[in-house]
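A short worksheet on the structure shown next.
The values are calculated or read from the model by the stated rules, or taken from the named source; none is laboratory data. A quick note: this is a predicted structure, and the numbers were derived from the prediction, not measured. Note: ideal-geometry Cβ built from the backbone for every residue, glycine included; neighbour counts use all protein chains shown.
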Amino acid sequence: MKDDVRKYIYGALVVFVIGLLAWAGLVYVNACGMTLTCLRGQTPVQGTPIPTLIPATLPALEMESAPAASDSDTCRVAAQDLIGAWVEAGSSETEAFQFQDANGKTCEATFEDVRPLFVNSNLWYSGSLACTSCHSVDLAVSPAQLDLSSYDGILAGSRRADDAPKGTDILGGGDWKSSLLYQFITESHPDIPGHDAALLSGLTVSAGTSLPEANVTPTP
Ligand code: HEC
């Protein structure tokens, strides 16, 4: 009776140990297969063909001193001064006009330099609409019946009811500071969409080319 109990206990222990070993073996074989050199647990070393450390053999950059602003050919000018100079010079479509740039250089430009101010978006301030997205060639929808998309449209002026060839002169008859155009790009009209204070950002643009001193027409 006593021996029987002992037999059972030993039997159970043996079965337990055998089961444990069998389980461990199963896990091992399952993970590593039938091999004794199991590397599964180690992080594999991965050799990539791309070296991650680039040898420091890049040539040193040559530092060339930038030319001083006054030496370069480009002129920087406030947008309203550029349009103003064009208007005061007679607002020609093709003839060049002169203006003083922000650095006091005498420069020359044409209507080609002025037109982008009316047709480019994102120019007067970040995200701004082009003037022509409102003042378009289609007078039926254009506010103030003003077409700023072309030379002829600008010269024809505003309030051209029934597509009249001429409307209200927006260029002040050549007197820039008294013109409607000057008023509408230098004064804030909070009640008019497209003409709130954001437009008066003091936009400066690169335009025209600087003239060599000899070509400058002396102002009387
Ligand atoms: C969001 C639309 C919009 C944009 C963009 C816009 N305008 Fe206007 N503009 C108007 C409206 C609206 C009026 C007022 C129309 C009225 O009074 O009937 C106006 C009026 C004017 C007038 C006065 C015309 C007159 O006879 O009273 C001028 C000049 C003018 N705009 C020029 C410009 C210029 C230059 C730009 C670009 C820098 C510009 N506009 C951008 C909507 C716009």
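Listed values, structure above:
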| item | result |
| --- | --- |
| The range 99-117 residues that are closer than 7 Å to GLY208 by Cβ, paired with ones that are in a loop (DSSP other than H, G, I, E, B) and at pLDDT below 95 (beta carbon under 9 Å, 6 or more apart) | CYS107/ASP101; CYS107/LEU211; GLU108/LEU211 |
| Qualifying positions in the range 194-213 - loosely packed, with under 13 Cβ neighbours inside 10 Å and hydrophobic (A, V, I, L, M, F, W, C) | ALA197 |
| Helices (runs of 4 or more DSSP H) lying entirely in the range 94-203 (those with 1 or more residues that are in contact with a Cys (Cβ under 6 Å, 6 or more places away or on another chain) and near the ligand (Cβ under 8 Å from one of its atoms)) | 116-119 |
| Flag for GLU95 being more than 25 Å from SER201 (Cα to Cα), at pLDDT 90 or above and not aromatic (Phe, Trp, Tyr) | yes |
